[in-house]
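The values are calculated or read from the model by the stated rules, or taken from the named source; none is laboratory data. Every value quoted in this text rests on a predicted model; they were computed, and no experiment measured them. Neighbour counts run over all protein chains shown; Cβ positions are idealised from the backbone, glycine included.
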Amino acid sequence: MSRTLILSHSDIRKLEISVTEILESVKKGLVDHALGKTLLAPKLTFRPEPHSFYTSMPSGNSDDRILGLKLVQRPSVPLKKGPGVFGTMFMNDYETGQLMSIMDATWLTSIRTGAVAALSIEAYAKHPVEKISLMGAGNVGMATVLCLSESIPSLKEIKVLKYKDAVERLRKRFEHTDLIFTEVAEIKDLFTDVQVVVTSLTFAGEPFVKKEWLFDGMLALPLHMRGWQDCDPLFNKMFTDDYEHTKAWLYRLDGEIGEVLAGIKPGRENDKEKIIAYNYGIAIDDLAVAKLVYQHAVRNEVGMWTTLDDYEDKYLI
């Protein structure tokens, strides 16, 4: 029999895992993927209702000796209290298959997406990065700013598209930093006097970025893949996190982020290149953060242990 560690959202938040550790873990996972040390199957998505999804994401890492499965969903009827997208992570031993942990994957999903965005800026942006813009300040947008605030020391200002109380929430959340948050009224305003444009929307019915807004040296990060389709042919380089997940619609491919971080392929090669990175959001990232969460929880004695495989015999029926 084996023991399984159950970790709630509040358990995970108690651990106070540093952004530095998260970035290092996600980077290792992406590099491992480029080096052929991972297992990754396509996402399987059901859409029970319009604008909703229920997605399974399996993965494995032979170097870390773990397997994982994340279930993530966006319900058509939102939770009264809680995020619009939430999920659950299962982590198993690579050899025995024993279930090591079941954990809430909602914070995990947001923070790993922010970490991949920060690593993309490291790999593809024109440095030093002083100004970026942000469309969408939900959990993923907030996580992205958190990762950037601790990994890009040159960052001074973030332009934010006006939407409800987005700017005020960002200012309050990052009041301990020197970051300046400037509210802009229109999408086109996000494309002036910045180096990176980040869009973070969970739903967009039609493309919303216009070709004439693009500029030399820019980096585009559509965190949820939406809105930029009309502009794809105008970019000098296009990257992704996993080609097998994106090859059906990717206009061109210059490499995966893991290949760039591993030094296998170049990222930005001059200050005029227009670059876009379509990071689909792969389960390798979730597994990397889940392992980190598990290690911290065991070390700090956080969570609840249970046994599910309390079999008494090989034959059960």
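Annotations for the structure displayed:
- Scanning the range 228-254 for residues that are hydrophobic (A, V, I, L, M, F, W, C), free of Cβ contacts under 8 Å to residues at least 24 places away in the same chain and either surrounded by 13 or more Cβ atoms within 10 Å (Cβ to Cβ) or in contact with a Phe, Trp or Tyr (Cβ under 6 Å, 6 or more places away or on another chain) (or both) yields a single hit, L253.
- Of all residues in the range 18-38, those satisfying the criterion of being aliphatic (A, V, I, L, M) and farther than 13 Å from D286 by Cβ are V19, L23, V31, A34, L35.
- Residue check, E122 acidic (D, E), under 20 Å from L261 (Cα atoms) and crowded, with 17+ Cβ neighbours inside 10 Å: yes
- Residue list for the range 91-101, filter: surrounded by fewer than 19 Cβ atoms within 10 Å (Cβ to Cβ) and in a strand (DSSP E or B): N92, D93
- Where strands (runs of 3 or more DSSP E) fall wholly inside the range 1-81, the ranges with 2 or more residues that are surrounded by 18 or more Cβ atoms within 10 Å (Cβ to Cβ) are 4-7, 38-40, 53-61, 66-74.
- Scanning the range 264-275 for residues that are within 21 Å of the chain's Cα centre (by Cα) and either surrounded by fewer than 18 Cβ atoms within 10 Å (Cβ to Cβ) or among the aliphatic types (A, V, I, L, M) (or both) yields a single hit, I275.
- Number of residues in the range 194-221 that are part of a loop (DSSP other than H, G, I, E, B), surrounded by 12 or more Cβ atoms within 10 Å (Cβ to Cβ) and at pLDDT 95 or above: the value is 8.
- Note on the range 222-317: enclosed strands (runs of 3 or more DSSP E) holding 1 or more residues that are under 30 Å from S8 (Cβ atoms) are 304-306.
- Candidate set from the range 276-298 (those that are in contact with a Lys or Arg (Cβ under 7 Å, 6 or more places away or on another chain) and of a type in the set (D, E, K, R)); member that is surrounded by the most Cβ atoms within 10 Å (Cβ to Cβ): D285
- So T113, is it in contact (Cβ under 8 Å) with a residue 60 or more places away in the chain, among the hydroxyl-bearing types (S, T, Y) and not assigned by TED's automatic domain parsing to the domain that holds Y294: yes
- Here the condition is being closer than 16 Å to A117 by Cβ and basic (K, R); of R252, R299, R226, it holds for R226 alone.
- Test: A143 is aliphatic (A, V, I, L, M), over 14 Å from P222 (Cα atoms), surrounded by 24 or more Cβ atoms within 10 Å (Cβ to Cβ) and in the same structural domain as E175 (by TED's automatic domain parsing): yes
- Long-range neighbours under 7 Å by Cβ, at least six apart or interchain, first residue under 19 Å from L250 (Cα atoms) within the range 267-280, second of a type in the set (K, R) and not in a loop (DSSP other than H, G, I, E, B): E273/K237; I275/K237
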